[in-house]
Structure formats: C-alpha cells, structure tokens
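The values are calculated or read from the model by the stated rules, or taken from the named source; none is laboratory data. In this text the structure is predicted, and so the values were computed from the model without any measurement. Neighbour counts are summed over all protein chains in view; Cβ atoms, including those assigned to glycine, are modelled from backbone coordinates with ideal geometry.
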Amino acid sequence: MTDAIPTTRTPQSSKNGTLKRRTLQSGLTTAAAIIGIGILLPAVFWQSNLPHSGLIVWGLLQVPISLCLIGSLHAQNVGSVATANHLNMISLISWSMCFTALPWLNPAAMGLSPDKAMLIGAMLAVTGTLAATAIQFPRHGQARNVMLSMLAISYAGACLLHREWALASVVAVWFVFIFTTTEVNVRGAMELRRLRTEGEYMANHDGLTELLNRHGFIDSLETQLRQPQRPALALIDLDGFKLINDTLGHQFGDHVLAITGKRLRSALPEGSTIARIGGDEFAALIPHQTTVELRDILDTAHAIISQPIVFLQRKRVVCASIGIAPYRNNISASDWMAEADIAMYRCKQNPQTALWFYDTATRQEAIHRVVLEERFRKALTDGDIHFWCQPIVRTSDQQPLAIELLARWPQADGSFISPAEFIPIAQQASLLVDLGKQALGCAATLLERWSTHPQYCSLTVNVNISPLHLSAGLIDDIRSVFPSMDSRLGIEFVETDLISTIGEAKDRLQELSLSDLRLIIDDFGVGYSSLSYLWSLPFDTLKIDRSFIEGIESDPVRQQLIASIVNMAQALDITCVAEGIETEAAINVLQQHRVHELQGYRIARPQPVEHIEDTLATLYRNARTTRPALEQTATA
Ligand code: C2E
Ligand code: MG
Ligand code: MG
C-alpha cells in the first residue's frame with residue numbers, strides 16, 4: 001500500500017469569484033441584446049414603411065423578454081441553473097417570434113410574396129426555437145453551431161440569390177444575435193453546472209482526505225435508513241492525535257489524517273461509506289456482516305491504521321479507538337450516531353481495547369452515567385462535594401511539606417463514590433472547572449487558617465486542576481482567592497490530560513509559571529508522552545505515578561526506571577515525588593534512589609479536613625525518627 005496524500009482542491013472562495021464573473025458577463029450580454037435588438041432595431045425599422053402597430057407590439061414584447069432575462073440572471077445568482085436555463089429559453093423563443101413577425105407584418109415592404117414571407121418567417125421561428133432549445137443541451141455545442149451555421153448560410157444565400165437585401169440584413173442580424181446569445185448562455189450554464197457540482201462536492205467532502213465530511217455522512221446515513229440493507233456504523237477516533245499536532249506540527253498531523261483516511265479506504269470492504277466527521281474522528285457505514293465478520297474487518301482496519309507513519313524523517317504509531325453500533329429497527333440517524341459515539345467513548349476508556357460494540361450493557365452504563373452526571377452537578381451546586389487531605393512528606397526525615405486536596409462525594413448511606421468514577425463524568429460534563437474553583441476555595445481557607453501557625457504555616461496545599469481550566473480563567477480564579485498568587489499553593493495537572501489539551505493553553509501555563517505557585521505534573525509516566533516535550537513545559541515538580549511504585553521493592557526494572565526519572569529530574573532542577581507508597585520497603589528503595597518526597601497510605605491516608613491537623617501533628621512529632629508508620633483511622 002502506498003501512503004501518498006491526495007491533493008487539495010480549489011478553495012471555495014475562488015469558485016465564488018468565478019461564479020460572480022460569469023453572472024456579470026452573462027448580464028452584460030443580455031443587456032446589450034435587450035438594447036440592440038429590442039430598442040435599436042425597431043427604431044431603425046420605424047423609419048421604414050413597416051406598420052408602426054407591429055413595431056409597437058415588438059417593443060411591448062421586450063418587456064416580458066427582459067423580465068425573463070432578469071429572472072434568469074437572478075436564478076443564476078442563487079445557483080438555480082435549471083430555472084435560469086428555462087427562462088433563457090423562453091426569452092429566446094419570444095425573440096424568435098418577434099423576428100418571425102417582421103416579414104409577416106409587411107411582406108411587400110420586404111419585397112416578398114405573402115407565401116414566401118410566411119415560409120421565411122416560419123424558418124426563422126424554427127431556427128430561434130432550435131437555438132433556444134439548445135441551451136438545455138449545453139454539452140452538444142458543436143452540433144448546435146454546425147446546425148446554426150448551415151441554416152445561416154442557406155438562409156443568407158437564398159436571400160442574396162433573390163436580391164432581397166432587406167430580408168438578408170434581417171437574417172444576418174438575426175443569426176449574429178442567435179449565435180452570440182446562445183453561446184454566452186450555454187457557456188454560462190455549463191460553467192454554473194460545473195461550479196455547482198464542485199460546490200456540492202466541497203459541501204459534502206473533506207478536502208484533506210477527500211472522504212465525505214460530517215454533513216455528507218449524515219446524508220448517507222439518512223439515505224441508508226430508507227434502504228433495505230442494514231449496515232453497521234463505526235466511529236473511529238485517533239488516540240493522542242492532539243499531542244502529535246502539538247509536538248510534531250500541523251503538517252505531520254495533516255499527513256496522519258490523510259494516511260488514516262487512505263488506510264481506512266483500503267481496509268474496509270467494498271460498498272462501505274467512509275467519512276472524516278471531525279478533527280481526528282472518522283466514521284464508516286459497513287455493509288451488512290455478521291458480528292464475527294465485522295469484528296474481523298475492524299480488527300484488521302485497526303491493525304492497518306496502527307502501522308507506523310513516516311513523514312519528514314519522523315516515525316510515529318497512531319492507534320485508534322473504534323466504537324460500533326449495529327443497526328436497530330426504527331433507529332434515527334442521530335440516535336445511531338449517539339450509540340456509536342457511546343461505544344467509541346467506552347472503547348477510549350479501555351486503552352487495551354481496540355473495538356467496542358454498542359449493546360444493552362453499554363446502554364445501561366450510558367444511562368447510569370447520565371444520571372450520575374446530573375447528581376454530581378447538583379452535589380457540586382449544593383456544596384456536597386468535600387475535600388479530604390493527604391500529606392506529602394520529605395523522604396529524608398519524613399517531615400510534612402504539603403497536603404493534597406482530594407475531592408470526596410459522600411452518599412446518604414455513608415459510602416463514597418470514588419473520584420475514579422465521578423472525575424471522568426465531571427470532565428465529560430465540563431464540570432471540572434467548577435470543581436477546581438471549589439478546591440481553590442478550600443485551599444484558601446486552610447492556608448488562611450494556618451498562616452499564623454508555627455509549623456503548618458510553611459505547608460503547601462496542592463489542588464488537582466484540570467488543564468482545561470487554564471483556558472477557562474484559572475489565573476483569574478486563583479487571583480480571586482489568592483491575590484498575591486501565594487507560593488504555598490501547588491497546582492497539580494494530570495500528565496495525560498495535560499498533553500491532550502495543552503496546545504492552546506501553553507501560554508497560560510507559562511504565565512502561571514512566572515508566579516510563585518508550585519506547578520506539578522501528576523501521575524507522571526502513564527501518558528507515554530515524550531520526555532523532551534514535557535521538559536519544555538514549566539513544571540517544578542513531578543509526581544511519579546503509583547503504577548511505577550507498586551512492587552518496586554522487588555522489581556529491578558522499575559527501580560532502574562525510577563533512577564533514570566530521578567536523574568533527569570535532578571539535572572533539570574525538578575523535584576520528584578513518589579505517590580502510592582504502601583510499604584516500608586518501598587520507602588527504603590525510594591530513599592536509596594534519592595526521590596525527594598513521598599505520599600501514600602504508608603505515610604497517611606486521605607482524611608477529612610477536621611482530622612488532618614491531628615495527623616500532621618503526629619507526623620511532625622515523628623519526623624526524623626527513622627520510620628513513622630502511622631496507622632490511620634479515617635479511610636477513603
Ligand atoms: P491523584 O491526584 O493522583 O491523587 C492520588 C490518588 O491516589 C488519590 O486517589 C489517593 O487517595 C490515592 N492514593 C494515595 N496514596 C495511595 C496509596 O498508597 N495507595 C493507593 N492505592 N492509593 C493511594 P483518589 O482520591 O481516589 O483520587 C483519584 C484521582 O482523582 C486523583 O489522583 C486525581 O487525579 C483525581 N481527583 C481527585 N480529586 C480531584 C479534584 O478535586 N479535582 C480534580 N480535577 N481531580 C481530582
Ligand atoms: Mg493529584
Ligand atoms: Mg497522582
């Protein structure tokens with residue numbers, strides 16, 4: 001398979017320009033024709049001995065003709081090519097009638113017998129009608145021109161042979177007029193038709209991948225619902241695409257999208273409708289298959305998409321999460337999309353899973369999420385979300401240096417809903433900014449309370465903040481509770497969230513780093529982000545994720561990993577915190593590897609604000625004694 005990128009198409013704006021130019025040309029020709037044929041010619045004949053009543057009828061006929069032409073121009077402007085062509089045709093036929101009337105009005109004045117006048121008039125009428133009809137068949141331009149030329153030559157020849165000069169001049173004017181008007185109108189009509197086709201293409205397709213866009217895909221989806229075939233709907237979302245854009249540049253990102261579109265085209269069966277429906281989101285309607293076949297097809301598609309992409313001497317693997325919603329009877333297009341979206345979202349939550357099928361269980365889960373989201377929103381408004389505190393100590397002497405505020409959602413029965421459950425829901429519902437504000441408020445209260453305490457006054461209070469908050473007024477929110485941007489406040493950003501959102505908020509982060517606040521990367525190591533990229537961000541502390549600490553006492557590979565993280569952090573003057581410390585042995589190992597600070601159940605569990613001072617007092621009391629293994633009563 002070659003990974004060449006399709007070329008991009010002419011921009012819409014230049015097409016609009018051509019359209020306007022064409023309409024103007026057509027308008028000018030029409031105006032010239034109205035003035036020349038409708039007014040000047042009768043004015044000339046007025047001088048002849050043609051009856052004036054006939055010429056008045058001629059003049060009056062120009063009114064509907066002009067109206068038709070103006071209508072046709074308007075129709076072209078609004079893109080209604082068919083209406084414009086019909087109106088052009090009507091005006092041309094009316095004009096033919098005008099010319100036809102000339103010899104009939106006064107055959108003698110033109111040196112014709114009534115029979116001959118009748119015949120010539122009829123011939124002119126036929127020519128005009130044929131020419132007018134030709135507008136409807138723009139592609140047969142050559143045939144039309146040959147036909148008109150032959151008619152012109154034979155008419156003019158016949159007139160000259162009979163020395164009927166007046167008639168010959170009428171015929172000559174008539175043919176020049178018919179030629180130019182049909183040519184201009186037909187060319188305009190063809191151009192308009194082409195532009196309209198391209199315009200429709202642009203409206204329904206994505207320029208980068210040349211696949212359908214969201215609009216085009218929804219149209220296809222609605223059409224499919226009216227067909228007897230029942231395809232499956234798959235949504236394919238690239239993982240970590242934002243990071244690619246941010247770290248490797250938009251050119252690389254565009255290349256990834258174009259290649260993914262191409263790979264999807266090659267991987268999905270014939271008859272599939274494929275689209276790029278959002279930034280890094282693709283959709284496909286796959287012709288009816290059994291579930292097993294569908295799984296095979298999409299597993300293969302996933303494997304093909306995940307092949308390395310090489311561009312600008314760089315190589316990256318981009319994986320995808322695929323959600324599949326099989327057809328259900330009487331489902332609407334929007335519900336079908338929503339079901340595939342839920343499946344895709346569910347798939348994203350399980351990094352080990354490549355595909356997720358929408359089924360009854362997924363549906364129940366989605367309903368549960370909606371209910372939980374509403375309840376969480378209410379709890380947040382009613383002040384029912386509390387913040388518990390967990391101490392962080394210096395490794396060397398286990399003296400408390402900070403506490404971390406952790407959100408807790410107590411239930412009526414005394415249980416708690418875990419942050420692991422409600423934080424992703426709050427994130428999805430854009431409620432993390434409000435939660436962050438409440439955490440800042442709680443931190444302000446604690447710091448204020450401890451500001452005069454001999455020991456606690458030096459403690460830092462860390463709050464967990466969503467990086468989305470950076471672009472949603474975080475700096476103002478901090479200033480509103482800490483006007484001096486207190487140096488005892490620490491802001492923790494989870495690494496994975498940070499790398500997926502930082503692009504537009506990088507400037508805010510830099511601004512924040514100019515203050516005295518402590519900026520911390522939380523859960524470091526699980527985001528698989530490039531270290532060089534993370535180092536380019538202005539953090540002064542990193543918290544190594546719990547998963548690296550688990551079992552560290554007996555795992556030399558993990559120990560090696562921690563050693564390298566600590567070495568790098570030290571070289572960059574960044575403080576290292578290890579979280580999830582559950583055993584004495586882990587403390588020993590981390591001390592050997594010179595990790596600066598520790599947090600975990602072995603030091604102290606998270607607990608309500610009312611209990612934290614007791615715990616801190618115990619920690620201070622036990623500091624510098626070798627190992628203060630506290631048994632905490634409060635658990636979360
Ligand atoms: P985190 O910020 O990394 O917080 C540390 C998590 O590890 C806490 O889980 C804590 O209870 C747990 N933990 C601490 N020591 C140990 C240990 O020794 N062993 C084990 N197994 N766990 C330990 P928690 O409170 O369930 O919070 C989970 C995550 O939810 C937090 O991870 C944080 O990312 C998020 N979170 C919590 N509160 C907030 C908040 O107010 N705002 C935001 N945006 N996120 C929050
Ligand atoms: Mg944290
Ligand atoms: Mg953490």
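Results for (1) under 24 Å from Gly240 (Cβ atoms); (2) out of contact with any helix residue (DSSP H, G or I) (no Cβ under 7 Å at 6 or more places or on another chain); (3) away from ligand 2 (no atom under 16 Å from the Cβ), shown as yes or no for each residue.
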site	(1), (2), (3)
Asn464	yes, no, no
His469	yes, no, no
Pro483	no, yes, yes
Arg488	no, no, yes
Thr496	yes, yes, no
Gln510	yes, yes, yes
Leu514	no, yes, yes
Worksheet item: For Gly278, are the conditions met, namely being of a type in the set (Gly, Ala, Ser) and more than 28 Å from Ala505 (Cα to Cα)?
Response: no
Worksheet item: Are there any pairs with C-beta distances below 9 angstrom linking a residue in the range 514-526 that is at negative phi to a residue that is within 10 Å of ligand 1 (Cβ to nearest atom) and among the basic types (Lys, Arg), with the two at least 6 apart or on different chains, and if so which?
Response: Ile520/Lys543; Ile521/Lys543; Asp522/Lys543; Phe524/Lys543
Response to the item:
Being away from ligand 3 (no atom under 16 Å from the Cβ) and either among the β-branched types (Val, Ile, Thr) or farther than 21 Å from Asp397 by Cβ (or both) narrows Ile565, Ile612 down to just Ile612
Worksheet item: So, of the residues in the range 514-565 that are away from ligand 1 (no atom under 14 Å from the Cβ), hydroxyl-bearing (Ser, Thr, Tyr) and surrounded by 14 or more Cβ atoms within 10 Å (Cβ to Cβ), which turns out to be modelled with the lowest pLDDT?
Response: Ser529
Response to the item:
Condition set more than 16 Å from ligand 2 (Cβ to nearest atom), more than 28 Å from the chain's Cα centre (by Cα) and hydrophobic (A, V, I, L, M, F, W, C), scope the range 392-437, selection modelled with the lowest pLDDT: answer is Ala412
Discussion item. Within the range 488-501, take every residue that is without any contact (Cβ under 8 Å) to a residue 60 or more places away in the chain and part of a strand (DSSP E or B) and give me the one that is farthest from ligand 1 (Cβ to nearest atom).
Written reply: Leu489
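Select, from Leu243, Leu285, Leu225, Leu248, the only residue that is modelled with pLDDT of 95 or more, assigned by TED's automatic domain parsing to the domain that holds Ile324 and not basic (Lys, Arg).
Numbers: Leu243 fails: modelled with pLDDT of 95 or more; Leu225 fails: modelled with pLDDT of 95 or more; Leu248 fails: modelled with pLDDT of 95 or more.
Exactly one residue qualifies, and that residue is Leu285.
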Worksheet item: How about the range 196-288: which strands (runs of 3 or more DSSP E) wholly inside it have at least 1 residues that are more than 21 Å from Ser334 (Cα to Cα) and touching a residue at least 24 places away in the same chain (Cβ under 8 Å)?
Response: 232-238
Worksheet item: Do we have any residue at all in the range 607-620 that's in contact (Cβ under 8 Å) with a residue 60 or more places away in the chain, part of a loop (DSSP other than H, G, I, E, B) and not β-branched (Val, Ile, Thr)?
Response: no
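Within the range 257-276, track down each residue that is among the aliphatic types (A, V, I, L, M), closer than 19 Å to Tyr201 by Cα and out of contact with any Gly (no Cβ under 9 Å at 6 or more places or on another chain). Before the answer, list the steps.
Initially, the range 257-276 is screened for residues among the aliphatic types (A, V, I, L, M), giving 257-259, 264, 267-268, 274-275.
Applying the additional criterion that residues be closer than 19 Å to Tyr201 by Cα yields 258, 274-275.
Residue satisfying the conditions is Ala258 alone.
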Worksheet item: What pairs come up if the first residue lies in the range 543-556 and is assigned to a loop (DSSP other than H, G, I, E, B), the second is within 14 Å of ligand 2 (Cβ to nearest atom), and their beta carbons are under 7 Å apart, counting only those six or more places apart or on different chains?
Response: Asp545/Asp523; Asp545/Phe524; Asp545/Gly525; Asp545/Val526; Glu550/Gly580
Worksheet item: What pairs can you find where one residue is in the range 564-588 and farther than 19 Å from Ser536 by Cβ and assigned to a helix (DSSP H, G or I), the other is acidic (Asp, Glu) and away from ligand 1 (no atom under 13 Å from the Cβ), and their Cβ atoms are less than 6 Å apart, with a gap of 6+ or different chains?
Response: Ala585/Glu553; Ala586/Glu553
